[in-house]
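Below is one structure, written out as structure tokens, with a few remarks after it.
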Amino acid sequence: MQRSFALTYALIVSAVWFAGCSGGGRGSGAISSAPTEPPPITTTQSYPSDSATAAGGGTAWDITQVKTTLYGQFHSASGNAYDTLRVDVTFAQDVSNALPAPGQSLDTSGTELGMIVRIDTGSSGYYETCSESPSSAPYQYESDAGDDPSRLSDGNYSILDDVGPIYTGGPNPGAEAQTTVSGHVITQIFFLETLGVEAGPEAPDIKIGVTTFNGTFEAYPATDCVPAGSGEISAG
């Protein structure tokens, strides 16, 4: 399944990305006419350590902080000021080598880490909050934990909606949850136009939740889930 808007936006993003990284430099004589970027909007939520559990054994991956940042960088033709959502998830443990290797699925050893970032863009949802109540399903999208289908070959993760990945095919960062790891922190970046977010010059109303696992869902339940209950983390 492929979403044309995701592929198109990815191509635009790639063009801007490589244009910004090529040549130029001081003394090139180039004059930028790009609009001024909006001020980033950052929210931070902290959680007590030692609150995670590993009912099936293995590592109790423990979330201690979630930081979200909304920012604008591509000055899209649609006029959206904010086009990017960054989610930084901090763990009590060092997660440098915890994710499955690119192209590999989350195993059942209990030592690997699977992380889901769920995103609520304001329309009807399909995915539940930490309460796991059928009546509490505000999220339209979520990043794959690494077992459906697996971590992608470029090291990113698929973005899922109610019918599966929003894009399937070769590496396409614009339609993926771009993922990096450093020490205790996993960062995922999402392009909002890929998710159909259209807020114009205003900051979009987006909320998130994060769940972690230490193996496939059938073998182990979640080790941690924030915010607890039916709440959501506001990213705006």
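Things to note:
- Within the range 127-139, tally of residues that are assigned to a loop (DSSP other than H, G, I, E, B) and touching a strand residue (DSSP E or B) at 6+ places or on another chain (Cβ under 7 Å): 4
Listed here are the residues, each with its yes/no results for (1) touching a helix residue (DSSP H, G or I) at 6+ places or on another chain (Cβ under 6 Å); (2) part of a loop (DSSP other than H, G, I, E, B); (3) of a type in the set (Val, Ile, Thr); (4) at pLDDT below 95.
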site: ASP148; (1), (2), (3), (4): no, yes, no, yes
site: THR179; (1), (2), (3), (4): no, no, yes, no
site: ILE186; (1), (2), (3), (4): no, no, yes, no
site: VAL197; (1), (2), (3), (4): no, yes, yes, yes
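- Yes/no for VAL185 being among the β-branched types (Val, Ile, Thr) and either at positive phi or surrounded by fewer than 23 Cβ atoms within 10 Å (Cβ to Cβ) (or both): yes
- Residues of the range 194-230 classified as out of contact with any Ser or Thr (no Cβ under 7 Å at 6 or more places or on another chain) and on the phi < 0 side of the Ramachandran plot, total: 16
- Restricted to the range 1-111, the set of strands (runs of 3 or more DSSP E) holding at least 2 residues that are of a type in the set (A, V, I, L, M, F, W, C), at pLDDT 85 or above and crowded, with 17+ Cβ neighbours inside 10 Å comprises 63-71, 84-91.
The values are calculated or read from the model by the stated rules, or taken from the named source; none is laboratory data. Please read these numbers as outputs of a predicted model, since none were measured by experiment. Note: ideal-geometry Cβ built from the backbone for every residue, glycine included; neighbour counts use all protein chains shown.
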